[in-house]
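The structure appears below as structure tokens.
The values are calculated or read from the model by the stated rules, or taken from the named source; none is laboratory data. Predicted model only: the values in this text are computed from it and were never measured. We place every Cβ from the backbone using ideal geometry, glycine too, and count neighbours over all the protein chains shown. We work out accessible area using only protein heavy atoms, side chains counted, and drop any ligands, DNA or RNA first. Shrake-Rupley method; radii C 1.70, N 1.55, O 1.52, S 1.80 Å.
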Amino acid sequence: NIITIFFVILLTAGVIYPLIRMIMNSLIVQSSYEARGLNEEFGTHLKNGNFTLLYWPYLLFNKTTANYSSSYFWTPLYRSILMSLVACLISVGAGGIMAFLVTRTNIPFKKFISTVFIFPYIMPSWSLAIFWTDFFKVGTKTGGMGMLQAMTGIQAPSWLQTGFWPIAIVMGIHYPPFAYILIGG
């Protein structure tokens, strides 16, 4: 019970309280400069510290600044959802296949495979990301080459080094143990 109370306090202090403060701050005018901008745009008479709901429509449906809502909210939201779906497909596919093979077939070395497959569970995802970056890095012959280029001379395309697909693949490689544990159970 003491551990539970400790973690509830830690969760509250580290996540819940900052989240509540962030929501509260989005409903209050923070400075006279912001009040002046909101007053000019929406024709209001707000002052520093006043309650307002104008930040939300400004973020979500801003028509005055070109592509503001799209650039700062809708596009990042779309990309985040797409990233999570692709990573989930990769990880649930790989974890589900391994769970099926380990629990429903007679493959040799089941215990070893099960133990090794759980390894990414204990590794932080940034270690896989650093490996990916170092493996596909493109450099000159004098230095800065990645492992693929150093071993084979093949230069990876830039979209394989950074961007949407490398992030999705690295996340998809990191999360199969979660799917394996859930599906295998």
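Selection over segment 68-81 of residues that are more than 22 Å from Tyr55 (Cβ to Cβ) and touching a Phe, Trp or Tyr at 6+ places or on another chain (Cβ under 8 Å) gives a count of 1. State which residue is farthest from the chain's Cα centre (by Cα) when the search covers only segment 96-123 and only residues that are open to solvent by less than 60 Å² (accessible area, probe 1.4 Å) and not hydrophobic (A, V, I, L, M, F, W, C). Restricting to residues being open to solvent by less than 60 Å² (accessible area, probe 1.4 Å) and not hydrophobic (A, V, I, L, M, F, W, C), the top hit is Thr105. Taking segment 117-185 as the region of interest, the helices (runs of 4 or more DSSP H) fully inside it that hold 2 or more residues being at pLDDT 85 or above are 125-136, 147-152, 158-161, 164-174, 176-184. The residue of segment 167-185 that is farthest from Ile97 (Cα to Cα), among those that are aromatic (Phe, Trp, Tyr) and surrounded by 19 or more Cβ atoms within 10 Å (Cβ to Cβ), is Tyr175.
Quick check: is even one residue across segment 66-84 outside any helix (DSSP H, G or I) and under 30 Å from Ala150 (Cβ atoms)? Step through it out loud before you land on a result.
Start the filter on segment 66-84 by keeping residues that are outside any helix (DSSP H, G or I), which leaves 66-67.
Okay, now just the ones that are also under 30 Å from Ala150 (Cβ atoms), so none.
There is no residue in segment 66-84 that is outside any helix (DSSP H, G or I) and under 30 Å from Ala150 (Cβ atoms).
The condition of being within 30 Å of Pro76 (Cα to Cα) and open to solvent by less than 40 Å² (accessible area, probe 1.4 Å) holds for only one of Phe136, Phe164, that being Phe136.
Against the definition (among the β-branched types (Val, Ile, Thr), touching a residue at least 40 places away in the same chain (Cβ under 8 Å) and open to solvent by 70 Å² or more (accessible area, probe 1.4 Å)), how does Val92 come out, yes or no?
On the way: among the β-branched types (Val, Ile, Thr): yes; touching a residue at least 40 places away in the same chain (Cβ under 8 Å): yes; open to solvent by 70 Å² or more (accessible area, probe 1.4 Å): yes.
Yes.
Applying the criterion of being closer than 9 Å to Val29 by Cα and not polar (S, T, N, Q) to the residues of segment 40-52, the residue that is least open to solvent (accessible area, probe 1.4 Å) is Leu46. The set of residues from segment 124-160 being more than 21 Å from the chain's Cα centre (by Cα) and aliphatic (A, V, I, L, M) comprises Val138, Met145, Met147, Leu148, Ala150, Met151, Ile154, Ala156. Taking every residue in segment 53-73 that is open to solvent by less than 50 Å² (accessible area, probe 1.4 Å) and pairing it with any residue that is at pLDDT below 85 and not in a helix (DSSP H, G or I), at least 6 positions away or on another chain, the pairs with Cβ-Cβ distances below 7 Å are Ser69/Asn62. Being part of a helix (DSSP H, G or I), under 15 Å from Gly172 (Cα atoms) and modelled with pLDDT under 90 is a condition met by no residue of segment 97-104.
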